[in-house]
Amino acid sequence: MRVFVAGASGAIGTRLVPQLIEAGHEVIGTSTSPRKAARLRARGAEPLLLDLLDAGAVRKAVLESKPDAIVHQATALANARFGRNFDRTFAGTNRLRTEGTDNLLVAARKAGVSRFVAQSNVTFRYAREGGMVKTEEDPLDTVPVAGAEESRAAMNYLDDAVVAAGGVALRYGIFYGAANDGMVEPVRKRQFPIVGDGGGFMSWIHLDDASAAVVRALEHDGPAVYNIVDDEPAPARQWLPALAEALGAKPPRRVPVWLARLLAGEPGVVMGTEARGASNAKAKRELGWTLRYPSWRQGFPAVYGAGEPRKGSRGTQRLGERVAA
Ligand SMILES: NC(=O)c1ccc[n+]([C@@H]2O[C@H](COP(=O)([O-])OP(=O)(O)OC[C@H]3O[C@@H](n4cnc5c(N)ncnc54)[C@H](OP(=O)(O)O)[C@@H]3O)[C@@H](O)[C@H]2O)c1
């Protein structure tokens, strides 16, 4: 298959391109930077300079490349700084998830390309009621989170537009797998605390497993939505000490909810105390997707290199409190 990967030079794109080539596909990979485009060529892709927000350029690029499938992995999160206003951090990404998705879908329709796989998200998405681990059938959260309304609307927009066009939306957990992952510095510097009881769930996914899901999804007909997460959704009070330990950092601080609200705003409080995790059962069942890193418990030490948790350490004690997912 000729696969057009929009956003081939980012954290996931750089893992995905080699996997697609390994699976026998030809890859047309886009970047907005000539330097990164040259790296794409070195990885075996046909590089293309493209701004996804330029509708005419997107249409021309897709028509001229004659792909069999399109993959949308474009976000604008390099150098993102997470503060009280989530929507400000995600403004560029939100445009890529709305206008960018529309531009690609229009181009796909004009070029007669029906296979379309796009990057979506599970974090912050599912309704904060009932069980802590959600499937794709569970309702999405409709209760507004101050400072994150636009970001959530953009994610919903992407899911709906892709599914309406017969494509596949992959709702990813939080990416990890690279030395410069976004959580690394804040956790190392103890700037990412456990909020309240630390009961908010997060789902994680290693970048290699996230990429493998795209390769599998390209072999399946849409429309569909899949949670692409590891086997172990977990509360912050479990995964955060484990991440700190894997990084060789001191254990995370604990802060009361009122202080977290002041420092990190409502999104930080929701994520730390109420957010739901996600189940990967549907993706495994329907896509035949298997994980190289079934849990962050093995993944964090494997990636960040501090080895297995020390016996008897605080991290190990918390690692022992497993949650039935
Ligand atoms: N689910 C998650 O947890 C999640 C999701 C996304 C990202 N992240 C994290 O965020 C951090 C930054 O991500 P990243 O390294 O992938 O960088 P990024 O800045 O988010 O870029 C991702 C891709 O989108 C492309 N892109 C950006 N703006 C574009 C535009 N206007 N038109 C077309 N393509 C555009 C980038 O291309 P160029 O920069 O080459 O132009 C790149 O290929 C990483 O740590 C990553 O793990 C996490």
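Where a number appears in this text, it was derived from the coordinates with a stated rule and is not lab data. Worth saying up front: this structure is predicted, and the values here are computed from it rather than measured. Cβ sites come from the backbone with ideal geometry, for glycine too, and all protein chains shown count toward neighbours.
When the Debye formula is applied to the Cα atoms of region 73-208, each taken as the same point scatterer, what base-10 log of I(q)/I(0) results at q = 0.09, 0.15, 0.20 Å⁻¹? Log10 of I(q)/I(0), two decimals: -0.30, -0.85, -1.43.
Antiparallel DSSP bridges in the chain: what percent, to the nearest 5?
Working: 3 of 36 bridges.
Antiparallel bridges: around 10 percent, rounded to the nearest 5.
Out of every Cα-Cα pair that region 34-108 contains, those further apart than 19 angstrom amount to 45 percent. A straight Cα-to-Cα reach below 20 Å connects LYS66 with the lysines LYS110, residues fewer than 8 places away in its own chain not being considered.
About the Cα centre, and with charges only on the beta carbon of Lys, Arg (+1) and Asp, Glu (-1), how big is the dipole of region 157-223? Nearest 20 debye, please.
Numbers: 5 positive and 9 negative charges, 73 e Å.
Roughly 360 debye for region 157-223.
Bridge orientation summary for region 116-223: considering DSSP beta bridges with both residues in this region, about 10 percent are antiparallel. Computed over the chain, the per-residue total of -39500 (n - 2.57) for DSSP H runs of n ≥ 4 gives a 222 nm mean residue ellipticity of -11500 deg cm²/dmol, rounded to 500. Kirkwood-type hydrodynamic radius, region 27-78: 11.6 Å, calculated from all non-identical alpha-carbon pairs. For region 7-149, the percent of C-alpha pairs falling in each 5 Å distance bin, counted from 0 to the bin holding the largest distance, reads 2, 9, 16, 19, 18, 15, 10, 8, 3, 0. In plain terms, if you count all Cα to Cα distances in the chain and split them into 20 Å steps from zero, the share in each step is 33, 58, 9, 0 percent. Rounded to the nearest 5, the antiparallel percentage of DSSP beta bridges internal to region 165-293 is 15%.
Sorted by mean Cβ packing within 10 Å, highest first, what order do the peptides 49-57, 75-83 take? All intermediate terms of the calculation are to be shown ahead of the outcome.
Numbers: 49-57: 16.6, 75-83: 14.3.
In decreasing order of mean packing, 49-57, 75-83 become 49-57, 75-83.
Qualifying GluC sites (Glu not before Pro) in region 146-235, where qualification requires a DSSP coil assignment and no more than 15 other C-beta atoms within 10 Å, comprise GLU219. Would you list which lysines come within 24 Å of LYS284, measuring only between C-alpha atoms, while excluding same-chain residues fewer than 8 positions from it? Of all the lysines, those that pass the test against LYS284 - Cα under 24 Å, at least 8 places apart if same chain - are LYS134.
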